[in-house]
Protein chains: 4
Amino acid sequence: MFFASDNAGPVHPQIMARLTQANEGHAMPYGKDAIMDEVRDAIRTAFEAPQAEVYLVATGTAANALALACYAKPWQTIFCSTTSHINEDECNAPEFYAGAAKLTVIETDDMMTPDALRRAIEKHPDGNVHGAQRGPVSITQVTERGSVHTLDEIRALTTVAKGYDLPVHLDGARFANALVALGCTPAEMTWKAGVDVVSFGGTKNGCMGVEAVVFFDPTKAWEFELRRKRGAHLFSKHRYLSAQMAGYMQDDLWMTMAQQANDSAAHLVAGLRAAGAAFLHQPDANMIFASWPRRIHQKLHDAGAKYYIWNGSLEGDDPEELLGARLVCDWSIGKPAIDQFLSHF
Amino acid sequence: MFFASDNAGPVHPQIMARLTQANEGHAMPYGKDAIMDEVRDAIRTAFEAPQAEVYLVATGTAANALALACYAKPWQTIFCSTTSHINEDECNAPEFYAGAAKLTVIETDDMMTPDALRRAIEKHPDGNVHGAQRGPVSITQVTERGSVHTLDEIRALTTVAKGYDLPVHLDGARFANALVALGCTPAEMTWKAGVDVVSFGGTKNGCMGVEAVVFFDPTKAWEFELRRKRGAHLFSKHRYLSAQMAGYMQDDLWMTMAQQANDSAAHLVAGLRAAGAAFLHQPDANMIFASWPRRIHQKLHDAGAKYYIWNGSLEGDDPEELLGARLVCDWSIGKPAIDQFLSHF
Amino acid sequence: MFFASDNAGPVHPQIMARLTQANEGHAMPYGKDAIMDEVRDAIRTAFEAPQAEVYLVATGTAANALALACYAKPWQTIFCSTTSHINEDECNAPEFYAGAAKLTVIETDDMMTPDALRRAIEKHPDGNVHGAQRGPVSITQVTERGSVHTLDEIRALTTVAKGYDLPVHLDGARFANALVALGCTPAEMTWKAGVDVVSFGGTKNGCMGVEAVVFFDPTKAWEFELRRKRGAHLFSKHRYLSAQMAGYMQDDLWMTMAQQANDSAAHLVAGLRAAGAAFLHQPDANMIFASWPRRIHQKLHDAGAKYYIWNGSLEGDDPEELLGARLVCDWSIGKPAIDQFLSHF
Amino acid sequence: MFFASDNAGPVHPQIMARLTQANEGHAMPYGKDAIMDEVRDAIRTAFEAPQAEVYLVATGTAANALALACYAKPWQTIFCSTTSHINEDECNAPEFYAGAAKLTVIETDDMMTPDALRRAIEKHPDGNVHGAQRGPVSITQVTERGSVHTLDEIRALTTVAKGYDLPVHLDGARFANALVALGCTPAEMTWKAGVDVVSFGGTKNGCMGVEAVVFFDPTKAWEFELRRKRGAHLFSKHRYLSAQMAGYMQDDLWMTMAQQANDSAAHLVAGLRAAGAAFLHQPDANMIFASWPRRIHQKLHDAGAKYYIWNGSLEGDDPEELLGARLVCDWSIGKPAIDQFLSHF
C-alpha cells in the first residue's frame, strides 16, 4: 500500500535487462556511447522531430534547471505557477542554474490560466531596466496537483508566451502519464502546441534515474552541453543512462507503464468515490488529491499504508474531520494493494 | 586493449547484483532508504570515523564541487595544482558551486609542494580586502599524472594549510588505487593526515556512477544536503546509489578492484620498461604516462588499442619521434589485453 | 513642477560645501579617511547604538542587496511585499548578491500584514530540503506606496520574524521621511523595534549618491566589507561618500530636509483633496498616489508638470476618466511649484 | 609627500565646478540627464567612434567586471596577467559578475607576452567540454607595474586573441597616463589596435569617482544596461557622474592632468636615478617601482612620506638592505613635494 510517490517504486525488468546488457566490456564515456545514438533516434522518432537535440541527466530537477537556464538570462524572470515543482520543490535550483534569475509565481491552486499569465507578463514592461525582464514560461504536465492540461489549454498558454516572444518549457516529469491520459502524440503535446524544450521524465515512470531534455530548437545544444558539464551532471559512464532510456523507449514501454499507473489511479479513484471521498483536484492521471475522515486515515496508517496527509494532521480529536491525502500510483502498484487500501474505508 | 580511461570499464557483478537485489518493491526516496544506513555504517567503519557524515552523489565533479563549496566562501580562493581535476576538467564547476570563488593554481607538472603552497597562500595577505581571501586547499590522490602522495607528503601539505587555519579537501576519485598503493588505512590517508573532507570515488573503480562525500567535521551536514538538492544532485530513487556503494564496500570489493587495476598497471609498466619506453611521471597506481616512437603508436592504433596520445600527434613524418601516451587500467582489464598491447612493441 | 521622483532633485548646499571642504590634499582611500570616523560616530549617536557597524555605498540598491546578502543564504528565500523596491525595482540585484536566493513575494497592495507574513513563512516548513529555506524578512519604510508603518506595525512584523528566528532588514531609502512622519527616534524605528540591519538612505533626501548600511549586529562587519568590495562598491576616493554623509548628519540636516519634503507633500495633499482628487494610498510622508480626470492631467502635462501616470494613459477618449498619478516631493520643491501645479485643477 | 596612490588625490577644480553647475533644479535620473548626452558625444569624438556606446559607473572594478561580463560566459576563462588588477585587486568581482567564470592567469612579472598568451589559449582546446572554454583577453594599460604597452605590443596581443576569435578588453584605469606617454590617439590605442571594449578611467586622474565603459561594438549596449542595474551600479542622480566626466573631457583636462602626473613621475625618476636607486620596472607613466637602502626609507617614513614598501619591511637590522617602493604621482602632486622627498636621499 505504497502511495507516497511514484519516485519510490522499482525499476521495470526490461530496463534492468538493458542495464545488464550494456554492462559488457568498455564503452566510450561522456555520451559518446553507441546506445546514446539509439536513444537519440528513438526520441526523435517518438517526437517526430528529426532535428531535435536530446540529452540525458539523472534527476528531474537537473533537467528543469538546465533546460530553463538555456533560455532565462540572469536578469529575467521565469513565469510559472505557485504549485510548480520548480517553485516549490527544487530548493532554488532554477535560480541557481539561471545565474540568479527570478521566478514570477502566478498564484493558483493548480494550473495557471492564460489571463493570469498575461497579467504577470504585462507587469514587467518591455524596456524597463529597473524590473526583472521577461523570461521563459514554464508549464507542468501532469501538474503537481494531478491534473492534465488539454492540448487547447497548452496552446492557450504558449500563444500568450509567443505573443511576447517568450520561449516555453514543459516540465514533463510525468510526461507519459499526461500523454496516455490525453491520447495524443508527443509532438502534439509539445512542439506542435508551441513548446520549445521539454523535460521528458523517466525516473518517476519506472526508470532508475534518467530524464531526457529535448530541444526542438537545436541551436541550444552546445550551451546545454557546457551547462550540464559545469553543473556536474555529465556522466562519465553515460552508457548506463543511455541504457535506461533505451529500455524505456523500447516497444513503447514508457507508455505501457504510464497506462498501468493511470489505470491503477482510475481504479483507486473509483473506489474512493464509491466510499464517499471528496476530490480536491481533478485526478486526470496517476496522482489523486482526496479527503476523508480522520478515523479512516488512522486505520490506513495503522495498516501500514504510505501516503502524505496533504493538509491537517493525523493528530486531532475529531474522528470525523476531513483530512486531505495525496496518493500517487506508480507503474508497479497492483490492484491487490489498491483493493487492500480501499478495504479500510 | 582499452586504456583510454578507467571511467569506461564495466560495473563489477557484485555491484550489479546489489542493484538487482535493491530493486524490490517500494523504498523511501531521497536518501531515506535502508541501504543508505548500511552504507553510512560501512564507510564510518572503514574510515574509523563514527561521527563522519556521509553523502552520495553520482559524479566525481559533483562530489568535488559540492564538498569544496561547503568550505570556500565566494570571495575566497581555493588552492590547487595546475594538473588538478578541479582546475582542468570540471568546466568551472567548482567556481560555479562556490558562488564564483577563485582557483589559485600552483604551477606544477604534477603534485604541489608545501613550499609552493605556502608561497601561494602568502600572496593573499590576511585582512587585505582587495584580493581574494584564503580558502581551502585541495589535494588530488592519485594525482592526475598517476603518482601517489606518501602520507608524509600529504601531512606536509595539510600542515601548511593548518598553519593558516585553512580546511583541506582530498579529491579521491582514485582513492582506492592510492590506498592499496600505499598500503595504509583510509583514516591514515585522510583525517589522521589532516584532511577535513574527502571525495571518495566509486565510479572509476567498478561502480556505475556513485561517489561518497565524507565529512569528518559533521557540522557541514545540513549545508551539504541543501547544496546537493539545490545543485539537482539529490536522487529521488536514492536506493540505487546506495546499492552501488553497498556492493562496493562489501567484503572490501573496492580494495580488491583497486588492487587488480594497480596490478594490471604494474604488469604494463614492466612490459613498457622492458620495451624501452620512457616514463613521464612516476606510475604509482593505475595510470601511466610513457612515451615511445610514433611507428609503434601507429601499430597499436591500427590494432585497435584505445588510449590518449598525451603530447604530439599520430600524424607526422618521423617514425622514430617519441610521443607520450596516457594509459589507464581499470579493474576489469586483464593480462591478455595487456600482453596483446605489449606484443606490438 | 517636478514631482516625478525625489531622486531627481538637487544636492543641499550644506552637503556641497562639505564636498568642497573635503577636497583638500590627499586622503587615505577605501574608507580609511578621517571623515568616515566622524560619520560612524554621528550615525552611532543618532541610532543610540555604540556597537553598530556603519558602511557607505552609493546606491540604494547596493545598500539593500549587500545588506540582505549578509543574512540570506543562497538556498533561502527573502520575505517581502509585492510592492517592495527589492522585488519590483532592482532587476534581480538581491537575488544576484544573495547567490541566487529566492524572493517570496507576499501579495499586497502596499504593506504586508503579520498574518500574511506568517502564512508565507509557514509554507516553508523547517527541515524540508526540497523547498527554499526560510530567510530574512525585508520591510520597506516609507513603503513604495507612500505609507508609513507605525512602530506597532513594525514590531508586529518583526515579532513574527523573530518567532521563527529570522533576521529583519529595513529598506530605509526614505528613512528620514518616515521618521519625521512618526516623530520617533531612529532607535525606536529600528533596533528597538526588532530590526537587525537598515539601509539608511541619503540619495533621495538631498545627497548626491550615498546610503549607509547600519548593522546593529557587528558580527557581519568583515563579511560586508568583502561583499562590498567584491560587488565593486568600495570607493577608492571614499572621502567623497563620507563628506556627503557628514554634511547630511550635521545639525540634523537629514531631518530638516525630510520635514520640508513631507510638509510640501502635505500642502499638495490638502490642495488635491480640496480639488476633489481621490487618494489611492494613505499619503503619510512625501509620496502621493491620487487620481483625477484625464483632462486635468492633460492640462498639467501641457504646462510642463513632471510625474508618472500610475495606471492608465494620457491617451484616451474620455476626458472625465480618472487616471492615477504618483507625485513625489523632494526637499527642494517649494510651495510656489506646488501652488502652480494645483492651479491647473 | 603623498605617493601611496593616485586614488588619494583631490578632485580637479574644473570638475568640482561642473558638479556645482550641474546642481541646479531637477534632472531626469538614471542616465537620462542632458549632461550625459554631452559626455557621450565628447567620448565618441575623442575616440573617433561615432557608433560607440558609452556608460558611466563609479568605480574601476565595476567598469572592468561589468565590461568583461558582457563578453565572458560563465563556462569560459578570461586570460590576463598575474599582475592585473582584475586578478589581484578585485576580490573576485570579475568572477562574480561573469557568473563564476574563471581567470587564467599568465605568469609574468608585468605584461603578458603574445607567446605566453597563445600557449595559455592553446591549453584550452576548442570543443573540449571538460575544461573552461576560451573567453576574452584582458590587457592593462598602464600596467600595474607602471609600464606602458607600445601600440605594437597591444596589437601583437590582440592579433593572438583575434586569431582565436576572442574579444579584447582594455583595463584603462590609467588610460590617460598611457596615452600621453605614447603620444598617440585614443583610437590608435583601442579599436584601431584591436580592442573591443575599454574601461576608461577618471577616478585615479582627478575625478571624484567615475569611469566610462566604451563599447566599440554597440550590440552589447542593452545587456550592459541590465547588468549595470542588476549590479546596483546605475545611479539615480546620474547627472553627478555625467558632470564629472563632462568636466574631465572639457578642454582635454584629462590629458592635461595625466601629463602633469607623468611629468611629476619623470622628475621623481630622474631624482631617484641620480640618487642611485634601482628600478624594478620600467617607469613609463606615473607609477614607479624602485629600491634603495632601508635607512633612507626610515628617514622618509619619519618625515611623513606616504608610499608602499613593495617587498621587504621597514623593520630589519641591516640599514643598507635594499627595499622596494611603489610610488605613484597623481595630477596634483607638485615639484615641491617631490623635491622634499628627494632631499632625504
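Once the mean of 1/r is taken over each pair of separate Cα atoms and inverted, the range A:208-321 shows a Kirkwood hydrodynamic radius of 18.3 Å. Look at the stretch D:63-76: the mean tally of other chain Cβ atoms within 10 Å of its residues' Cβ atoms is 3.
The Cβ shell under 14 Å around A:Lys162 holds other residues with a net charge of +1, Lys and Arg each +1, Asp and Glu each -1. In units of the compact-protein estimate 2.2 N^0.38 Å, chain A shows a Cα radius of gyration of 1.01. For a straight C-alpha distance cut-off of 24 angstrom, the lysines reachable from A:Lys299 (same-chain residues fewer than eight places away being disregarded) are A:Lys335. The slack in the chain from B:Arg44 to B:Lys123, taken as 0.36 nm per residue of separation less the alpha-carbon distance, amounts to 24.7 nm. The calculated P(r) of the protein assembly as shown, using every Cα pair and 20 Å bins from 0, goes 10, 35, 36, 17, 2, 0 in percent. Could you work out, residue by residue across C:83-93, how many beta carbons of other chains sit within 10 Å of that residue's beta carbon, and then give the average as an integer? The shielding value for this peptide is 6.
With label points set 7 Å from Cα along Cα→Cβ, the inter-copy distances at A:Asp217 are 2.0, 4.3, 4.4 nm, sorted shortest first. How many angstrom lie between the Cα centre of the range C:228-293 and the Cα centre of the range A:279-304? The two parts, judged by their Cα centres, are 56 Å apart. Relative to the current alpha-carbon distance between D:Asp251 and D:Ala274, full extension at 0.36 nm per residue lengthens the span by 4.7 nm. What FRET efficiency comes out for C:Glu188 versus A:Tyr164 if R0 is 30 angstrom and r is the Cβ-Cβ distance? Round to the nearest 0.05. For R0 = 30 Å, the calculated efficiency reads 0.05. Shape descriptor for the range C:134-176: Rg over Rh equals 0.98 (Cα atoms; Rh from the Kirkwood inverse mean 1/r). Which residue, A:Pro319, A:Val168, A:Ser332, has the largest displacement toward the positive end of the dipole of chain A when charges sit on each Cβ (Lys, Arg +1; Asp, Glu -1)? Looking along the dipole axis, the top candidate is A:Val168. Charge tally around A:Leu117: other residues with Cβ under 12 Å, Lys/Arg +1 each, Asp/Glu -1 each, net +1. Taking only alpha carbon atoms, the range D:34-177 gives an Rg to Rh ratio of 0.97, where Rh is the Kirkwood radius.
The distance linking the range A:46-109 with the range A:153-173 is 13 Å (Cα centroid to Cα centroid, whole angstrom). Summed over qualifying helices (DSSP H, 4 residues or more, each -39500 (n - 2.57)) and divided by its residue number, the protein assembly as shown shows a 222 nm mean residue ellipticity of -11500 deg cm²/dmol.
Axis between B and C by rotation; chain B residue with nearest Cβ and distance in whole Å recorded as B:Gly99, 2.
Counting every C-alpha pair in the range D:252-308, the share spaced more than 14 angstrom apart comes to 62%.
Which values of log₁₀ I(q)/I(0), to two decimal places, follow from the Debye formula for the range D:121-249 at q = 0.10, 0.12, 0.15, 0.22 Å⁻¹ with a uniform point scatterer at every Cα? Log10 of I(q)/I(0), two decimals: -0.38, -0.54, -0.82, -1.34. Evaluated over the range D:157-295, the count of Lys pairs having alpha-carbon atoms less than 22 Å apart is 6 (only pairs 8 or more residues apart or interchain). Of the peptides D:132-142, C:12-22, the ranking by mean beta-carbon count within 10 Å, highest at the top, reads D:132-142, C:12-22. Take the Cβ atoms of C:Glu320 and D:Ala221, set R0 to 51 Å, and the FRET efficiency comes out at 0.75.
Spin-label model, C:Lys335 to C:Gln14: label points 7 Å out along the Cα-to-beta-carbon direction sit 2.1 nm apart. Counting only Cβ charges, +1 for Lys and Arg and -1 for Asp and Glu, the dipole size of the protein assembly as shown around its Cα centre is about 0 debye. Among the residues of C:131-138, the average count of other protein chain beta-carbon atoms within 10 Å of the residue beta-carbon is 3. Each peptide in C:207-214, C:93-100 was scored by the mean count of other Cβ atoms within 10 Å over its residues; highest first, the order is C:93-100, C:207-214. Below 14 angstrom from the Cβ of C:Leu323, what's the summed charge of the other residues (Lys, Arg +1; Asp, Glu -1)? Counting the neighbours of C:Leu323, the net charge comes to -1. Once the C-beta distance of A:Tyr308 and C:Asp115 is scaled by a Förster radius of 22 Å, the resulting FRET efficiency is 0.30 to the nearest 0.05.
Here, each number is a calculation from the coordinates, and none is a lab measurement. Predicted model only: the values in this text are computed from it and were never measured. Counting neighbours? That spans all protein chains shown, and the Cβs are built from the backbone with ideal geometry, glycine included.
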